[in-house]
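Working notes, structure below.
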Amino acid sequence: MLVFTVTKPGGTKDYEFEAYTQLLEDIGIDVSNVPRTPEPGTNKRWLYTWTKREEAERFARELRIRTRDRTWYIYPFDTEAEDRGPVAPLDINSVYDAQGITYYLTPTSRERIINAYPHTRLSPSLFVSNETQAGIVRDHGPTWWTQVCKLLTGLTDVQIGALGGYRVLLPDGRVWHEEMPEVPAA
């Protein structure tokens, strides 16, 4: 079966992928369970697939406009079976002040969780003092970030993985930490 994805030469950077997934959500695509393929050439992340070239063309055209980047292109390929699953992680924002860091889920991540797990109790935010944060990171390393995600979402490791994992974003939008399911080699 011939399918199409939209990508960039050499793969997407984090901020480009953010624009990609935001556009998917803006046009009404639930990024937690879609037809997908490993990113061509990199296998860094999953990308959405279309069965109609015209739909992929429209998406690429809008992505070029939004990002002011003309290098987005349509990548056609043959596949034997459709792979489905999440293409984007849950996003956790972090905000700093003199006392510490506040973590909170982005609105689109909250919506994805509510749609997938309607009975989950979401926390509006999580505040951690600077001193406590430094001690926890020193004592527990990367496992701390998974606890932040669990506290905010009320989800298990399996449920978080089913939604595409998570990433913690710095105030400037850069990725501070991420845990996402592995993308298989093509």
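The order of the peptides 146-156, 115-125 by mean Cβ neighbours within 10 Å, most packed first, is 146-156, 115-125.
Around the amide H of Gly100, modelled in the peptide plane, lie the amide H atoms of Asn130, all under 5 Å away and 5 or more residues distant in sequence or on another chain. By the gyration tensor of its Cα atoms, with a ≥ b ≥ c the square roots of the eigenvalues, what is the shape of the stretch 1-43: rounded for a/c under 1.5, prolate for a/b over b/c, or oblate? Because a/c hits 1.5 or more and a/b fails to exceed b/c, the stretch 1-43 counts as oblate.
Using only the Cα atoms of the stretch 2-85, build the gyration tensor, take square roots of its eigenvalues as a ≥ b ≥ c, and label the shape rounded, prolate or oblate: rounded if a/c is under 1.5, else prolate if a/b is larger than b/c, else oblate. The shape class here is rounded. Near the amide H of His177, within less than 5 Å, lie the amide hydrogens of Val168, all on another chain or at least 5 residues away, with H placed in the peptide plane.
Relative to the dominant Cα principal axis of the chain, helix 53-67 is inclined by about 50°. Using the Karplus relation 6.51 cos²θ - 1.76 cosθ + 1.60 with θ = phi - 60°, the per-residue 3J(HN,Hα) values for the stretch 68-84 come to 6, 10, 7, 7, 5, 9, 8, 10, x, 7, 8, 9, 7, 9, 6, 9, 10 Hz, with x marking Gly and Pro. On a C-alpha basis, how far is the centre of the stretch 1-35 from the centre of the stretch 55-70 in Å? Whole number, if you could? Computed from Cα coordinates, the inter-centre distance equals 11 Å. Magnitude of the charge dipole for the chain, about its Cα centre and with charges confined to Cβ atoms of Lys, Arg (+1) and Asp, Glu (-1), is about 280 debye.
In order along the stretch 145-159, the phi-based Karplus estimate (6.51 cos²θ - 1.76 cosθ + 1.60, θ = phi - 60°) of 3J(HN,Hα) comes to 5, 5, 5, 4, 4, 5, 5, 6, 9, x, 9, 8, 4, 5, 5 Hz; Gly and Pro are listed as x.
Placing unit charges on the Cβ atoms of the charged side chains and taking the dipole of the chain about its Cα centre, the candidate lying farthest along the positive direction among Thr120, Val183, Leu170 is Leu170. Applied to the stretch 169-175, the Karplus parametrisation 6.51 cos²θ - 1.76 cosθ + 1.60 on θ = phi - 60° returns per-residue 3J(HN,Hα) values of 9, 6, x, 8, x, 5, 7 Hz, with x for Gly and Pro. At q = 0.16 Å⁻¹, what log₁₀ I(q)/I(0) does the chain have when each alpha carbon counts as one equal point scatterer in the Debye sum? The Cα Debye sum returns log10 ratios of -1.01.
Farthest toward the positive end of the dipole of the chain, out of Pro9, Asn43, Thr153, is the Cα of Pro9, where the dipole comes from beta carbon charges about the Cα centre. Taking 22 Å as the straight-line reach from the Cα of Lys8, the lysines in range (excluding those fewer than 8 positions away in the same chain) are Lys44, Lys52.
FYI, it's all coordinate maths here, none of it is from the lab. These numbers were taken from a predicted model, which means no experiment stands behind them. As a convention, Cβ positions derive from the backbone with ideal geometry for all residues, glycine included, and neighbour counts pool all protein chains shown.
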